[in-house]
Every structure is written in structure tokens, then in C-alpha cells.
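To start, the structure itself, in C-alpha cells.
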Amino acid sequence: MITLSPLPAFTDNYLWLLQNHAQKQCAVVDPGDAAPASDWLAAHNGWQLTDILITHHHGDHIGGVKRLKQATNARVFGPANESIPDCDQRLTGGEVITVLGLELQILAVPGHTRGHIAYYHEDKQRPSLFCGDTLFAAGCGRIFEGTVEQMYQSLMQLAALPDNTAVYCAHEYTLSNLRFAAAAEPNNLHIKQRLAEVMDLREKGGISLPSTLAIERQTNPFLRCHLPALAEPLPIKDKTPQAVFAYLRHWKNTF
């Protein structure tokens, strides 16, 4: 049986820990800090970290790789077109890797960075997506290295995955993202309801992840750029989905 646990890091990062209970082996996604994974291993006697999955090269996602690699000799997977420390297998998209007995499809999702990748496990009951900083709950990452077109196409690729796909993104940004979503689409009742639920959850110290793609398609403005309800009120002449996305992403940068 595989379970997943969030390991908080820094002020708003999550490292996702995958655990194979039969083998007492685990894998970690985007360990920007080694301490959360190291502390978990110290508290769980007999467990072995076998794999480290990296989505992109930013420091808050790779900062703990060297220390964990030295301590555990875990395999490191990461994007081929980015500088990832101690990377054993470089991935470009289209590959399938096996981690803890799970087959993970590698998706190329450039935009936030040039070589950003995501890891997708296809499963009828509960597919899982580890998407780093490309797709957030109710939002998306900033465009630092790629282009608007790349980011939009990356998001559309993720949006095409099944409704029940669990979205394991890397940051607790949901509340601020939903406040922007409410400004972008003020008549969306799903956004209003989700905002109230997440406000209550965060006040109680809970985490808002994972999300699902069904929820994201209802409440994430960056996945709704093709819908007239969102696009028509915006003060831009070009209402094509990519132009709407570009406007929203620029607006969110200063929101």
C-alpha cells in the first residue's frame, strides 16, 4: 500500500512523501530542505529513502538533495534541461519511471522554468499528479523562464487529466489564489464556497492540499480562460483563451 504525507518546509512549501508500507521504503518530491525528510526517517525506524523526485531547479525544491543523497544514496530523478544536483536520471517528458512499484509518467510542463516536469501516476481509483510550481490549487506558477504560450499549453495538458486526479502541488498558496480567483470571476459560486471553506480550514491550522482537477476546473481562473463568464468582463479586446491567460497572469503578479 502506498500512502502520501505532506512534510512542511520553509514558510509555505510542502515536500510530498510517498510511502510503501510493505517494503518500508519511501520517496520524496522536491526536498528544498533535507530536514523534514531526515526527521521523518529518524522518527520511523527501519524505513529507507529510495528515490528523490525533482520537478524543477529552484532552490526551495532542490536545496536538500545533496544532503539526502549523501545520507541515503537515494536515486535522484529530475529535468534533463536544468541543473539538478546529483541527478541520476534526467527526464525530458514522455518517459515512464517506476518508483516504489508505481509507474510514473513524465510530463514536460515548461513555463515556470524552461525544463519543468511533472510526475503523473495513472490509476482508475485515485490518479496522482506531482506538478511542482506549474499548477497550484486555484492558481498557477509565475512565468520566470518560459513563455506565456508554454505555460498555457502546460496547464491545458494538466487540465486534460481525469477529474479525480489528486493535485499535489508544492506550496500552500490556496487562500491567496482563491482571493484572486474571486476578484477575477466574482459571480462564480464555486469559488465563493471554496474560499470560505479554505479560510476556515487555514484558521484551524489545516492544509488545503491535495486538490483535484475537477475542483480546479470549477475554481481555478487559469484553467477557465476559455469560458465567456470569465473572459467577457475583462478589459481586453482579445478574448482568446491564451490572451485571457496572459492578462490574468500579469494581473495576479501585482494582485
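Readers should treat all values here as calculations from the given coordinates under stated rules, not as data from a laboratory. Source: prediction; values computed, not measured. Here the Cβ positions follow ideal geometry from the backbone for every residue, glycine too, while neighbour counts run over all protein chains shown.
General observations
- What you get for the chain, charging only the Cβ of Lys and Arg (+1) and of Asp and Glu (-1), is a dipole of about 280 debye around the Cα centre.
- M1-L227 pseudo-label distance in nm [points 7 Å out on the Cα-to-Cβ vector]: 3.6
- From the coordinates shown, Cα extents along the principal axes in Å corresponds to which of [x] 57, 40, 34; [y] 53, 51, 34; [z] 56, 44, 31: [x]
- Cross-link partners of K124 among aspartates and glutamates, defined as those whose alpha carbon lies under 14 angstrom from its own and excluding same-chain residues fewer than eight positions apart: E103, D163.
- In this rough spin-label picture, where each label sits 7 Å from Cα along the Cβ direction, the K237-Q70 distance is 5.9 nm.
- Comparing T219, L234, V76 along the charge dipole axis of the chain, the residue lying farthest to the positive side is L234, per the Cβ-charge model.
- Angle in degrees between helix 241-253 and the longest Cα principal axis of the chain, rounded to the nearest 10: 70
- The range 118-228, relative contact order in percent, only Cα pairs under 8 angstrom and at least six apart counted: 32
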